[in-house]
1. Just for region 323-342: of the residues that are in contact (Cβ under 8 Å) with a residue 12 or more places away in the chain and part of a loop (DSSP other than H, G, I, E, B), which one is surrounded by the fewest Cβ atoms within 10 Å (Cβ to Cβ)?
2. Regarding Ala77, is this residue surrounded by 11 or more Cβ atoms within 10 Å (Cβ to Cβ), in contact with a strand residue (DSSP E or B) (Cβ under 6 Å, 6 or more places away or on another chain) and either basic (Lys, Arg) or not in a loop (DSSP other than H, G, I, E, B) (or both)?
3. Pairs needed: first member in region 124-136, at negative phi; second member anywhere, exposed (fewer than 15 other Cβ atoms within 10 Å of the Cβ); C-beta distance under 6 Å; at least 6 residues apart or different chains.
4. Count, please, the residues in region 192-210 that happen to be in contact with a Ser or Thr (Cβ under 9 Å, 6 or more places away or on another chain), assigned to a strand (DSSP E or B) and of a type outside the set (Ser, Thr, Tyr).
5. List, please: which pairs have Cβ atoms under 6 Å, are six or more places apart or on different chains, and start with a residue in region 292-309 that is farther than 17 Å from Thr143 by Cβ and end with one that is among the hydroxyl-bearing types (Ser, Thr, Tyr)?
6. What are the residues in region 131-163 that are among the charged types (D, E, K, R) and surrounded by 12 or more Cβ atoms within 10 Å (Cβ to Cβ), if any?
Amino acid sequence: MSHHQRYRRNPDVIPEWGHDAGLVLRDCRQWRVFSVRPALIGLLSHLDRPHTAEDLHGLWDESPGPGPVAALLEKLADAGIVRRCPPDDEDEPDDGWSPYELAVHRQAGTGGFTGRDLGASPPARFHHSEATTTIPLPGADGTDSRPLATVLAERRSTRRYAAEPVPLTTLAACLERAARVRGRLPPLAYQQTQRPTPSGGARHSLEIHVLARDVDGLASGAYHYDPFGHGLAKLAPWEESLTALQQRFIVTPAVMEAPPPVSLYLTSCAERTAWKYSRLVLTLIYRDTGCLMQTLCLTATDLGLAACPVGAIDASLSAPFLAPYRDRLIHVGGLALGLPDRSSPPAAVTPLQGTTEKVAPPRVFQK
């Protein structure tokens, strides 16, 4: 064992509080748990970059000399808590995973039903008691629709929109077809609903908040879409704070030249999913979000709208119109909507080799 060997902390190991063991270290990649003395955390704090036992002698209060420290580092390396560094000064390639992403992924593999008395289910309908007014939306009956294969072929993520308002009837049709509640599933006490998009356990935790900047027939402002009553509850008029919110979570992350007429600010009432599942809550919410975004994109394409899903997340839920609900809702993503910019037709897609299907540019038509 050479005292010139260098060691570095395993980046996949994070500290956490064990249920009975006090402070523990968890290897998020191997999903192993180590019980440790708190003093060891001090040693590991120095190993964010490569060090030898000689380097650590004197930095660690419990270090009697480089020999014992080297022996300890070897034991930690054998356990996988630290890693031996190669002599050529090259770091190991980063595979892009953070330890917290690994932890969530691993934990999801051990999750499932809570296995407890579930008690009363959180309500499936989210009610904004502070809404100033509710605008009933027209139904989509009579609105033309095209074959699914055509819509799938024409779907694009579009970041440029026409400088004209979105018709309220078109926005209403998009929300109805993609998100409106179709009925309740038994038992009624479980608050399970049937909707156009799938959801883990039929919990449907997602709520759609509409930032209507330019909608023909609707005052500019922030609204909540009620999928039960098919209406928009007005939460706030359009102010500079909504412009800033749209800029932070739609325009900037999607690299748009101008803000879209409509932005959907998607949130989750996570307690609905947590009521039924354990250790799967976040992963199920993210999957539900993907399903809803895809359904919204396809519905928008069918209706002649341009759409762009945006994955940027407002971790602290800074939307001013949701201030009373910051302990109940989490932001999970967004969607930009508008009429397509006809001045710059989208480029055609080149089919993959070996395919016979011709992929045409999206068809733009007037609604």
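Just so you know, all these numbers are worked out from the coordinates, no wet-lab data involved. All figures in this text were calculated on a predicted structure; none of them were measured in a lab. All Cβ positions, even for glycine, are placed from backbone atoms using ideal geometry, and neighbour counts span all protein chains on display.
1. So, considering only residues that are in contact (Cβ under 8 Å) with a residue 12 or more places away in the chain and part of a loop (DSSP other than H, G, I, E, B), the one surrounded by the fewest Cβ atoms within 10 Å (Cβ to Cβ) is Arg342.
2. On the way: surrounded by 11 or more Cβ atoms within 10 Å (Cβ to Cβ): yes; in contact with a strand residue (DSSP E or B) (Cβ under 6 Å, 6 or more places away or on another chain): yes; either basic (Lys, Arg) or not in a loop (DSSP other than H, G, I, E, B) (or both): yes.
Taking the combined requirement at face value, the residue satisfies it.
3. Arg125/Phe228
4. Here the count works out to 6.
5. Filtered contacts from region 292-309: Leu292/Thr197; Ala306/Thr158; Ala306/Tyr161; Cys308/Ser157; Cys308/Thr158.
6. Initial filter on region 131-163 (among the charged types (D, E, K, R)): 141, 144, 146, 154-156, 159-160.
Across region 131-163, the qualifying residues are Arg146, Glu154, Arg155, Arg156, Arg159, Arg160.
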